[in-house]
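The values are calculated or read from the model by the stated rules, or taken from the named source; none is laboratory data. Quick caveat: nothing in here was measured; it's all calculated off a predicted structure. For neighbour counting, all protein chains shown are included, and Cβ atoms are generated from backbone atoms with ideal geometry for every residue, glycine included. With ligands, DNA and RNA removed, areas are computed over all heavy atoms of the protein, side chains included. Shrake-Rupley method; radii C 1.70, N 1.55, O 1.52, S 1.80 Å.
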Amino acid sequence: NFFEQLTVDAAARACGMSRRKFTNDFRDKTGKTWLAYLNVRRIEHAKTLLRDTESKVTSIAFQSGFEELSTFYRTFNRLTGMRPLDYRTQSM
């Protein structure tokens, strides 16, 4: 449920763990922090939507779980090296 607003505290509670144990175990198993892993999943989802739909970037950002458009743009650029519309154009 990467597109839902889930905090690390809520995820830890859902697993019946303390925050510290959850974050340590999560990093040990995935090699990433909770937020880094979540952002990768969200951007992969956004890339699929950019390729396969004609939805507006704003809509895709929110469908991918980002609450702030600026955070989406920054994260997308950091992980892909390009802007969302450039990615869409290149993927066509």
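The table below gives the values:
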quantity	calculated
Selection count, segment 75-91, where residues are open to solvent by 60 Å² or more (accessible area, probe 1.4 Å) and in contact (Cβ under 8 Å) with a residue 40 or more places away in the chain	1
Residues that are outside any helix (DSSP H, G or I), open to solvent by less than 80 Å² (accessible area, probe 1.4 Å), out of contact with any Leu (no Cβ under 9 Å at 6 or more places or on another chain) and in contact (Cβ under 8 Å) with a residue 12 or more places away in the chain, drawn from segment 15-74	PHE66
Residue within segment 6-20 that is at pLDDT below 95 and polar (S, T, N, Q) present	yes
Qualifying position, being within 27 Å of SER70 (Cβ to Cβ) and touching a Pro at 6+ places or on another chain (Cβ under 8 Å), among LEU6, LEU50, LEU38	LEU50
Flag if LEU85 is at pLDDT 95 or above and over 16 Å from GLN5 (Cα atoms)	yes
Lone qualifier among SER59, SER18, SER55 - being touching a helix residue (DSSP H, G or I) at 6+ places or on another chain (Cβ under 7 Å) and closer than 27 Å to PRO84 by Cα	SER55
Selection count where residues are of a type outside the set (Gly, Ala, Ser), more than 15 Å from the chain's Cα centre (by Cα) and within 18 Å of ARG41 (Cβ to Cβ), scope segment 1-24	3
